[in-house]
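Presented below is the structure to which this report refers.
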Amino acid sequence: MKISEIQNMEQNNINCCYLVKEGIFRRAYERSAMLFSFQIKAFKLIKRYIKCAGQDIVYLGFPDSALGEILNEAKGKGYNAEFAIGRQNNDIIVIRGFVPKGSLREKPLVDFEQWKSDIPIVAADKETSIRFELIIEKIKNYPVANKTPVESLEFLSNIQKEINEYQLKLYT
């Protein structure tokens, strides 16, 4: 999902949390991240300047493997979760119920812009850049023409494991 689509989805969001699937992770952006961290479970919040969006974006993430536990926790607190209608591959889960039905309240209890401004920007660190450059080099230099399909699959599996382990360290 493109960041522009996420921005459009989040722009007027006041009463639900969108969990967007990205690889093996689920992410909540902007207002969804605020509602999720206050009402469901506190996670590490990340704020980065996204060049193509032209602004700072706040998000949180967790492994997709933890989704069942998260949804159970949300349901236990009275929220309803469902797959977004009209989306393919179940890439967005919507958690509803943050504003009571029939409520005239139009804004969440906390001002989103104030909340967002209080989160420090996380710059891409040198270690991350170096690590991913090394992974790209490994892929570029892998002699796939001289390897069997099983060897290539094993190589790809090891690359995925390396990326997943590193991302897990970033988000927990």
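Is there a residue in segment 24-43 that is surrounded by fewer than 20 Cβ atoms within 10 Å (Cβ to Cβ) and in a strand (DSSP E or B)?
Within segment 24-43, not a single residue is surrounded by fewer than 20 Cβ atoms within 10 Å (Cβ to Cβ) and in a strand (DSSP E or B).
SER65: among the hydroxyl-bearing types (Ser, Thr, Tyr) and either assigned to a loop (DSSP other than H, G, I, E, B) or surrounded by 20 or more Cβ atoms within 10 Å (Cβ to Cβ) (or both), yes or no?
On the way: among the hydroxyl-bearing types (Ser, Thr, Tyr): yes; either assigned to a loop (DSSP other than H, G, I, E, B) or surrounded by 20 or more Cβ atoms within 10 Å (Cβ to Cβ) (or both): no.
For SER65, the condition - among the hydroxyl-bearing types (Ser, Thr, Tyr) and either assigned to a loop (DSSP other than H, G, I, E, B) or surrounded by 20 or more Cβ atoms within 10 Å (Cβ to Cβ) (or both) - is not met.
Could you list, ordered by first residue, the pairs with Cβ atoms under 8 Å in which the first is in segment 134-153 and within 24 Å of TYR166 (Cβ to Cβ) and the second is of a type in the set (A, V, I, L, M), at least 6 apart or interchain?
From segment 134-153, the pairs are ILE135/ILE159; ILE135/ILE163; LYS138/ILE159; ILE139/ILE159; SER152/VAL144.
Yes/no per residue for (1) under 19 Å from GLN114 (Cα atoms); (2) among the small types (Gly, Ala, Ser); (3) touching a Phe, Trp or Tyr at 6+ places or on another chain (Cβ under 7 Å); (4) modelled with pLDDT under 90:
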{"position": "ILE3", "(1), (2), (3), (4)": "no, no, no, yes"}
{"position": "GLU10", "(1), (2), (3), (4)": "yes, no, yes, no"}
{"position": "LYS21", "(1), (2), (3), (4)": "no, no, no, no"}
{"position": "ILE24", "(1), (2), (3), (4)": "no, no, no, yes"}
{"position": "ARG31", "(1), (2), (3), (4)": "yes, no, yes, no"}
{"position": "SER37", "(1), (2), (3), (4)": "yes, yes, yes, no"}
{"position": "LYS41", "(1), (2), (3), (4)": "no, no, no, no"}
{"position": "ARG48", "(1), (2), (3), (4)": "yes, no, no, yes"}
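Please verify whether segment 87-95 includes one or more residues that are out of contact with any strand residue (DSSP E or B) (no Cβ under 8 Å at 6 or more places or on another chain), part of a loop (DSSP other than H, G, I, E, B) and modelled with pLDDT under 75.
There is at least one residue in segment 87-95 that is out of contact with any strand residue (DSSP E or B) (no Cβ under 8 Å at 6 or more places or on another chain), part of a loop (DSSP other than H, G, I, E, B) and modelled with pLDDT under 75.
How many residues are touching a residue at least 60 places away in the same chain (Cβ under 8 Å) and among the basic types (Lys, Arg) if we restrict to segment 1-48?
Counting residues in segment 1-48 that are touching a residue at least 60 places away in the same chain (Cβ under 8 Å) and among the basic types (Lys, Arg) gives 6.
The values are calculated or read from the model by the stated rules, or taken from the named source; none is laboratory data. Keep in mind that what you see is a predicted model, and the values were worked out from it rather than measured. When we count neighbours, we look across all protein chains shown, and the Cβ atoms used for this are built from the backbone with ideal geometry, even at glycine.
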